[in-house]
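Where a number appears in this text, it was derived from the coordinates with a stated rule and is not lab data. Please read all numbers here as calculations on a predicted model, not as lab measurements. Cβ atoms come from the backbone with ideal geometry, glycine included; neighbour counts cover every protein chain shown.
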Amino acid sequence: MQPDASAPKSRLSLGGEWGAGEAVERLSQLAGEFEQLLKAEPRPVRIAIDLAGVTCLDACGCQLLAVFLGNLERQGVTVELWGTPLEISQQIRLLGFQEALGLAEATEQENP
């Protein structure tokens, strides 16, 4: 079932470095965002996550994002990533997180 296009939609902008060195800070950030989204009234059914400000991403950062997205989806929230810088999307693919982060379709479209 597709979410109602008129249903509440939230936007979350992420930025900075997303690596092992920032894991504790990023985990805390995502936990806070998750809590706020679940407490919001009306509760959003869709969220757009803007990655335009992300400057560095390693496997640890990808894993944190993948867990965050999975938790949102388990709560019935449809997630859309956008604004992903080319270098970051290439890193996501190189690390094998394209499906977990919703970039698999873009890969298939780029490589017919």
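So here's what we get for this one:
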read-out: Pairwise Cα inverse-distance average, inverted: Kirkwood Rh of region 9-104 (Å); value: 13.3 Å
read-out: Region 13-29 versus region 49-67: alpha-carbon centroid distance in Å; value: 8 Å
read-out: Highest average packing first - 45-55, 72-82, Cβ atoms within 10 Å; value: 45-55, 72-82
read-out: Phi to ³J(HN,Hα) by Karplus 6.51 cos²θ - 1.76 cosθ + 1.60 over region 39-48, Hz, x for Gly, Pro; value: 8, 4, 10, x, 6, x, 9, 9, 9, 9
read-out: Potential lengthening between ALA59 and ALA40 on full extension [0.36 nm per residue; Cα-Cα distance subtracted]; value: 3.8 nm
read-out: Region 9-104: relative contact order as a whole-number percent, Cα under 8 Å and 6+ apart; value: 34 percent
